[in-house]
Amino acid sequence: MNVPLIRRSVPCLLPCIILLFLSAPAFPQSAKLRFEISFSAASDSKPLDGHILLGIATTQNPEPRFQLREEEAASAQFFGLDVDNWKPGTPAVIDSGTLGYPLKTLADLPPGDYYIQAVLNIYETFHRADGHTVKLPPDMGEGQHWNEKPGNLMNKPILVHLDPESSTAVRILLDQKIPPIPAPHDTKYIKPIRSSFIRDISNPTGTSSKSSRPPTSPAIRWFTCNTRIASIRLGLPAISRVC
């Protein structure tokens, strides 16, 4: 009969079961704190798609939007939220269920005074030649840096007291736009250009945008000519061309 074997095995299994319970992650704490982020029709009258990044920092120099770091100890706190067909005046909510970095949830945020700043990285809809439709942030000459992208909505840093146990909503209005990148000055080797050649190489897959507009940033429309090499500032590899 196997009963003695079973009886002998149970005491051996108990430490393993207890260890599993102790090592299992605890249920995440919920925070009452929440942020309600919105923009007005004065900033943009049409619904927008994109990704909101909310920065929470202990200093405003530099602005929180510039304090996202790979090193967790040196980074400000950030939370991200996708928005689709986001209408003016409609709040987008960041709460305890929103994933953050380096702290995972608002419940982990220590109470204190913080500078807060939100940025909407605006997406555009692209209809690819292969039949797929995707929403992506277009490069506006800034090299895909969401915190510097011209046209992205944001607010000026606000100093507030935050407490995860507070049930009062923190309201943020995105009433600012990141300005266009200034055009480079003409030099012997740098000249602004307007050409279908730029549109062709900036859209190598033959995709089209719903706005069907050419690139508007003056930082895109220039090239440096040195002998027979032209470097196109599109975030793409340099392109050889006879000058």
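The values are calculated or read from the model by the stated rules, or taken from the named source; none is laboratory data. Bear in mind that the values here come from a model prediction, so they are computed numbers and not experimental data. All Cβ positions, glycine included, derive from the backbone under ideal geometry; neighbour counts span all protein chains shown.
Things worth noting here:
- Residue under evaluation Val134, criteria (1) under 17 Å from the mean Cα position of the chain (by Cα); (2) among the β-branched types (Val, Ile, Thr); (3) closer than 21 Å to Leu54 by Cα, criterion not met: (3)
- Selected residue (criterion: surrounded by the most Cβ atoms within 10 Å (Cβ to Cβ)) from residues of segment 171-186 that are of a type in the set (A, V, I, L, M) and not in a loop (DSSP other than H, G, I, E, B): Ile172
- Within segment 39-78, restricting attention to residues that are buried (at least 16 other Cβ atoms within 10 Å of the Cβ) and out of contact with any Phe, Trp or Tyr (no Cβ under 9 Å at 6 or more places or on another chain), the residue that is farthest from Leu162 (Cα to Cα) is Asp44.
- Selection from segment 93-138 of residues that are touching a helix residue (DSSP H, G or I) at 6+ places or on another chain (Cβ under 8 Å), part of a loop (DSSP other than H, G, I, E, B), in contact (Cβ under 8 Å) with a residue 40 or more places away in the chain and under 25 Å from Asp175 (Cβ atoms): Asp95
- Residue match in segment 182-190 (condition: of a type in the set (Ser, Thr, Tyr) and under 26 Å from Ala57 (Cβ atoms)): no
- A count restricted to segment 28-38 and to residues that are basic (Lys, Arg) and surrounded by fewer than 17 Cβ atoms within 10 Å (Cβ to Cβ) stands at 1.
- Breaking point among (1) more than 28 Å from Ser40 (Cα to Cα); (2) of a type outside the set (Lys, Arg); (3) at pLDDT 95 or above, for Thr207: (3)
- Verdict on Gly89 being surrounded by fewer than 19 Cβ atoms within 10 Å (Cβ to Cβ), within 14 Å of the chain's Cα centre (by Cα), of a type in the set (Gly, Ala, Ser) and modelled with pLDDT of 95 or more: no
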